[in-house]
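In what follows, a structure is listed as C-alpha cells, so that the remarks can point back to it.
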There are 2 protein chains.
Amino acid sequence: MRQTMRVLIAGIDGYLGWPLALHLAARGHEVYGIDNFSRRKNVAEVGSWSAIPIPNMHRRLEVARNLLGLRIKFFHGDLRRYQDALSVLRESKPDAIVHLGEQPSAPYSMIDWKHASFTQENNVIGTLNLIWAMKETCPHAHLVKLGTMGEYGTPNMEIPEGFFEIEYRGRKDRLPFPRQAGSFYHLSKVHDSANIMLACKIWGLMSTDIMQGVVYGTRSDGIVDHRLHTRFDFDEAFGTVVNRFCTQAVTGYPLTPYGKGRQRRGFIALADSIQCLTIAVENPPGRGEYRVFNQLDEIYGINELGDMVVTAARRLGINAELGSIENPRVEMEEHFYKVDSVRLKALGFKPTRSIDEELEIMLRDLIHFKDRIRAKRHVMAPTIRWRGKVPHPLIAPPHESSGVGQETVKVISDR
Amino acid sequence: MRQTMRVLIAGIDGYLGWPLALHLAARGHEVYGIDNFSRRKNVAEVGSWSAIPIPNMHRRLEVARNLLGLRIKFFHGDLRRYQDALSVLRESKPDAIVHLGEQPSAPYSMIDWKHASFTQENNVIGTLNLIWAMKETCPHAHLVKLGTMGEYGTPNMEIPEGFFEIEYRGRKDRLPFPRQAGSFYHLSKVHDSANIMLACKIWGLMSTDIMQGVVYGTRSDGIVDHRLHTRFDFDEAFGTVVNRFCTQAVTGYPLTPYGKGRQRRGFIALADSIQCLTIAVENPPGRGEYRVFNQLDEIYGINELGDMVVTAARRLGINAELGSIENPRVEMEEHFYKVDSVRLKALGFKPTRSIDEELEIMLRDLIHFKDRIRAKRHVMAPTIRWRGKVPHPLIAPPHESSGVGQETVKVISDR
C-alpha cells in the first residue's frame with residue numbers, strides 16, 4: 001500500500017501544477033496548492049491566452065470535487081511574501097512540496113530590465129522564502145523543485161545528473177556540474193539550485209532538484225472533462241517549442257525553428273512529466289540530501305521535431321510546412337548533446353507516450369481551438385530577441401495554401 | 001603616459017570604495033561614485049560602528065578636494081532602482097565601472113530570511129540593473145566586478161581562475177569552475193558572476209570578475225590625513241577575520257578562530273587590493289570578454305594568522321592570546337586549498353605589503369581607538385550561526401590579564 005502524503009504544490013494553477021494536483025489527489029494524497037495567478041497575468045501581458053480555455057481556480061476545484069470527488073485545498077498567495085510562504089506551510093503541514101511556482105519563460109525574462117529583474121526576484125526570492133519557511137516550520141519535508149535542463153547549457157561533453165567525479169591536475173573530487181544557462185530565466189533556476197543545495201547542507205533539508213526537458217502535450221491522466229484541462233500556451237514567450245509548432249500547424253502558419261534548427265534538447269510528454277514528479281514525491285531522499293534528476297524522455301533536434309509535427313499534421317490532412325526564421329536567441333545552433341537520465345528510471349519511470357501518437361492527440365485537440373489561436377496570431381512571431389527586442393513580427397503571414405484540408409480533419413472527442 | 005579614464009565606483013563609501021577613489025583620482029583618472037550608504041546603516045543595525053571614525057561623504061569629498069586637489073563626483077543612489085543605475089551611467093559616461101556596491105557580509109546574510117532575502121535582492125538585482133543599464137547607455141564600458149574567493153568554496157582540487165579545461169568521459173571542454181559557496185551572501189556573488197557572464201556573451205559587454213581573498217589593513221596609499229581614513233569594521237558580521245583579530249588583540253579579548261581554526265583562505269592587504277583593482281581598471285579585456293582574476297597575495301590558515309597577530313601584538317607589548325570558540329558557520333575546518341593567481345601578476349601586480357609589517361601598522365592604528373572598539377565589544381562575539389541565530393554571545397569577557405602592557409605601547413602617528 002502506498003502511503004498517503006500531504007503534498008503542497010506551489011504554482012498549482014500552471015501547466016504542470018494543475019494536472020499534477022489531479023494526479024496526486026487521484027492517487028490518494030492530500031493535495032494543497034498555492035498560486036498568485038501570475039502565469040495568467042503574464043500571458044495576458046504579452047497579448048495571449050491559453051489555446052485551450054481553462055476555468056478559474058474556484059471552478060476548477062469545484063469540478064474536481066463534484067466530478068472526481070477530489071478535495072484540493074487552495075491558497076491564494078505569493079511566495080515573494082515570506083508570510084505567505086509561512087502561512088501555507090503552517091496550514092498544509094506538507095510531507096512534500098512541489099515547487100513549480102516560478103516565472104517559466106526564457107523570452108519573457110529577456111524582454112527588458114524590468115522582466116529580467118521580475119523573473120530573478122520572483123524565482124530566487126520566492127524560493128529563498130520557501131526554504132527559510134521550511135526551515136522554520138517543516139524542516140523534514142521534501143522539496144521537489146522544478147529546474148530545467150537549460151541550467152546546464154550545451155557543454156561539449158556528456159551531462160551527468162547534477163554532479164560529476166572529475167580529476168584535475170592529479171586530484172579528484174565530486175563537484176556540481178558547471179552551469180552555463182542561456183537566459184536570465186534559466187539563470188534564475190541555476191541560482192535556485194545553488195541556494196537549495198546550501199540549505200540542504202547547512203540545515204539538513206532534503207530536496208530533489210528536477211532538471212526537466214521541454215514538456216509538450218495537451219493531456220494527462222485524470223483530465224476526463226474539458227473543464228479539467230490544463231492551460232496550453234502558444235505565444236513566443238510562454239509556448240514551448242513543440243506546443244508552438246502544433247498551434248502553427250493547425251492554424252496554417254509555417255513552423256518556426258530558430259536559425260539552423262539543429263539545436264538538440266531533451267523532451268518529455270506532459271503525462272510523463274507528471275509521472276516523474278509523482279515518483280519524486282513518493283520516493284523522498286534522505287535527510288540533508290540534495291539530489292538532482294534529469295527529467296526527460298528523448299532527445300530531438302528542433303528541425304527533426306518540426307518534421308515530425310509536419311508529418312503528423314499531414315496524416316490528419318493538415319497541410320503544415322516548415323518555415324525558417326532568424327534565431328532570436330543567442331545559442332549554439334549545432335552542438336554535442338548527450339544527457340544522463342537514469343535516476344528516475346531506477347525509481348520506476350517508464351515513458352508511456354510515443355511522440356508520434358502524442359503529436360496526433362495534440363493536433364486533434366488543438367483543431368477545436370483554431371479560432372482562439374488565430375485570434376492571437378500576432379503573439380506567435382518571435383519579437384523578443386536576446387540582443388534587444390524588435391518592434392515588429394519577423395514571421396510571415398499564413399501562406400496561401402494555409403488551412404487547406406483543415407476543415408476536413410475528423411476531430412476526435414476527448415478520450 | 002597612462003590614459004586618463006572615467007571611472008565610476010559603485011559603493012564608493014565602503015572599505016575598498018573610498019581608498020580606491022582616492023587612489024584612482026590621484027593617478028589622474030576622473031572618478032565618479034555612487035552609494036546608498038547601506039553599509040553604514042547595516043553596521044549600525046548590528047549595533048556597531050567603524051573602529052576608525054570616518055566623516056560623512058560630503059566631508060570626505062571636501063577634504064579630498066581641499067587637501068589633495070582631487071575632485072570626485074558623488075551620486076546618492078541605489079542600484080536596486082533601475083533609474084538610478086541609468087542616471088549615474090548617463091551622467092558619468094564611464095570607461096570603467098568598479099562595482100563594489102553590494103552587501104558584503106556572510107554572517108549578515110545568515111541572520112534570518114529577511115537578511116538573506118535583502119542580501120540576494122540587493123546584490124543580484126542591483127547588478128542585474130547595472131548590466132542592463134550598461135547595455136542601454138555604455139555597452140563598451142568595462143565592468144570590474146567584486147566577487148569573492150568564497151564563490152569557489154573549498155573543493156578537493158586546485159582552484160583555477162574562473163575556468164578550467166577538463167576531460168570527462170573522453171570529451172574535453174573549457175567550463176566555468178564549479179562554485180560551492182557557503183552562505184547566501186557568497187551565493188549572491190555566484191549568481192552575479194553567472195548573470196554577468198551571460199551579459200558578456202549575448203551583449204558583448206566586457207567584464208573582469210574579481211575573486212578576492214580576505215582583505216585586511218587600515219591603510220592605503222593616499223590616506224594622508226585622518227579625515228581621509230577608510231572605515232574599519234570589527235563586528236561579527238562586517239569585520240573580516242584579520243581585522244577582527246587585531247581589534248580583539250588591542251582590546252584584550254582572546255582572538256576567536258572558529259572551530260579548529262584550520263580553515264585556509266587567501267588574503268590580501270588593503271593597499272594591494274587597491275593596486276589590483278587599479279590594474280584591472282587600467283588593463284581592460286576585449287569586447288565581449290568575461291575574465292576572472294583570483295585576487296589574493298598569500299594563503300594562511302586561520303590559527304596561523306591568529307598566531308601572527310598574537311606575535312605582532314606582543315612585539316608591541318600587548319598581551320594578546322588565542323582563544324577558542326565553537327564554529328558558528330557550517331564549513332570544512334580542514335581541507336586542501338591551492339589557488340591559481342597569475343593573471344594579475346602577469347599584468348604587473350607586485351605585493352607591496354608583508355603581513356607582519358602590516359599587522360603592526362594595524363595594531364598601532366587601532367590602539368588609538370581602543371575605547372571606541374570596547375564601547376561596542378558586544379558585537380565581537382559570533383551570535384549569528386549558520387544553523388540558526390543564538391541569542392547570547394559565546395565569547396568570554398576579557399581575561400584578567402587583558403590590557404596589560406597596552407598603555408605602554410608607543411603609538412606611532414600616521415605615516
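May I ask you to list the residues in region B:109-141 that are within 30 Å of B:E91 (Cα to Cα), of a type in the set (A, V, I, L, M, F, W, C) and at the interface with chain A (Cβ under 8 Å from one of its Cβ atoms)? The answer is B:V124, B:I125, B:L128, B:W132, B:A133. Annotation note: Cβ proximity below 6 Å between a residue of region A:1-28 that is aliphatic (A, V, I, L, M) and a residue that is modelled with pLDDT under 95 (sequence gap 6+ or interchain) occurs for A:L22/A:G222; A:A26/A:G222. Taken over region A:213-259, the criterion of being closer than 28 Å to A:R59 by Cβ and of a type in the set (F, W, Y) is satisfied by A:Y216, A:F232, A:F234, A:F238.
Could you check, for region A:61-72, whether at least one of its residues is assigned to a loop (DSSP other than H, G, I, E, B) and within 13 Å of A:I34 (Cβ to Cβ)? Explain how you work it out, then say what you get.
Pass one, region A:61-72, residues assigned to a loop (DSSP other than H, G, I, E, B): A:69-72.
Now narrow it down to the ones that are within 13 Å of A:I34 (Cβ to Cβ): A:72.
For region A:61-72, residues assigned to a loop (DSSP other than H, G, I, E, B) and within 13 Å of A:I34 (Cβ to Cβ): present.
Applying a threshold of 7 Å to beta carbon distances and a minimum spacing of six or more residues, or different chains, the list of pairs starting in region B:343-366 at a residue that is surrounded by 12 or more Cβ atoms within 10 Å (Cβ to Cβ) and ending at one that is modelled with pLDDT under 95 reads B:I361/B:R219; B:R364/B:V411; B:R364/B:I412. Screening A:I210 with (1) within 14 Å of another protein chain (Cβ to nearest Cβ); (2) crowded, with 23+ Cβ neighbours inside 10 Å; (3) not basic (K, R) gives one miss only, at (1). Hey, can you tell me all the residues within region B:173-198 that are more than 7 Å from chain A (Cβ to nearest Cβ) and more than 24 Å from the chain's Cα centre (by Cα)? If the condition is that a residue be more than 7 Å from chain A (Cβ to nearest Cβ) and more than 24 Å from the chain's Cα centre (by Cα), then B:R174 is the only one that fits.
Being of a type in the set (A, V, I, L, M, F, W, C) and part of a strand (DSSP E or B) holds for only one residue in B:I274, B:I318, B:I279, B:I268, and it is B:I268. As a summary of the residue check, B:R90 satisfies the conditions (1) under 20 Å from the mean Cα position of the chain (by Cα); (2) away from chain A (no Cβ under 14 Å); (3) within 24 Å of A:H115 (Cα to Cα) except for the one numbered (1).
Only residues in region A:318-337 that are of a type in the set (V, I, T) count as the first member; pair them with residues that are at pLDDT below 95 and crowded, with 17+ Cβ neighbours inside 10 Å, Cβ under 6 angstrom, at least 6 apart or cross-chain, and list the lot. Note: pairs meeting the criteria are A:I318/A:Q406; A:I325/A:T256.
For first residues located in region B:63-82 and farther than 28 Å from B:A133 by Cβ, partners that are of a type outside the set (A, V, I, L, M) and at pLDDT below 95 and lie 6+ apart or on another chain with Cβ distances below 8 Å form the pairs B:V63/B:D225; B:L67/B:D225; B:L68/B:G222. Exactly one residue out of A:V98, A:V43 is β-branched (V, I, T), more than 16 Å from A:R227 (Cβ to Cβ) and in a helix (DSSP H, G or I): that is A:V43. Please find, within region A:285-317, the residue that is surrounded by the fewest Cβ atoms within 10 Å (Cβ to Cβ) out of those that are in contact (Cβ under 8 Å) with a residue 60 or more places away in the chain and among the aromatic types (F, W, Y). By that ranking, first place goes to A:Y290.
The values are calculated or read from the model by the stated rules, or taken from the named source; none is laboratory data. These numbers were taken from a predicted model, which means no experiment stands behind them. Methodologically, a virtual Cβ is constructed for each residue, glycine included, from the backbone with ideal geometry; neighbour enumeration extends over all protein chains shown.
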